[in-house]
Amino acid sequence: MKRASVQDIEPLIVEHRGNLAAIARALHVSRGTIHNRIADSPRLQQMIDDARETYVDSVESALYENALTGNVAAQIFVMKAHPAAKRRGWSERQEVAGANGGPLALVIEYVNDWRSVSDQSANQDATDDYADARR
């Protein structure tokens, strides 16, 4: 397999926005080769981090621009995900309930419980507790 040098990898980091699989494909090497080269180079590690941050910044800016120009899906996403919007109550509420909206039944089953007198009695106790909880 071809050996990728730091100089080979550097320009591709920016071009592929830190996507290691894309960099490996461009160099005709495995992702493992790219991972190993990056692990050995603090400069490449920093470049990867910077490229990924820049990518996220760009997508975030595009999302905000889309939200401001009327893209309803972008507006909904921002309102559900942005911390300031969440403080204003723009978040989804999740309620968890048991069967038919009733309370949840909590069953705790101890497996190989060290507090048991014997494994056989522990298994029987757990089986009995489970059966009681289901009633």
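Please treat every number below as a calculation from the coordinates, not as lab data. Not measured: the values here are computed from a predicted model. With ideal geometry, Cβ positions are generated from the backbone for all residues, glycine too; neighbour counts draw on all protein chains shown.
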Some residue of segment 85-95 being surrounded by fewer than 12 Cβ atoms within 10 Å (Cβ to Cβ), among the hydrophobic types (A, V, I, L, M, F, W, C) and either in contact with a strand residue (DSSP E or B) (Cβ under 6 Å, 6 or more places away or on another chain) or free of Cβ contacts under 8 Å to residues at least 24 places away in the same chain (or both): no
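A quick yes/no check of all residues on (1) surrounded by fewer than 13 Cβ atoms within 10 Å (Cβ to Cβ); (2) in a loop (DSSP other than H, G, I, E, B); (3) acidic (Asp, Glu); (4) touching a strand residue (DSSP E or B) at 6+ places or on another chain (Cβ under 8 Å):
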position	(1), (2), (3), (4)
Arg37	no, no, no, no
Ile48	no, no, no, no
Glu53	yes, no, yes, no
Asp57	yes, no, yes, no
Glu65	yes, no, yes, no
Ile76	yes, no, no, no
Criterion: surrounded by 13 or more Cβ atoms within 10 Å (Cβ to Cβ), out of contact with any Phe, Trp or Tyr (no Cβ under 6 Å at 6 or more places or on another chain) and either more than 30 Å from Met79 (Cα to Cα) or hydrophobic (A, V, I, L, M, F, W, C) (or both) - qualifying residue of Ala26, Ala21: Ala26
Candidate set: segment 24-65, residues that are under 16 Å from Ser5 (Cβ atoms) and of a type in the set (S, T, N, Q); chosen: the one farthest from the chain's Cα centre (by Cα): Ser41
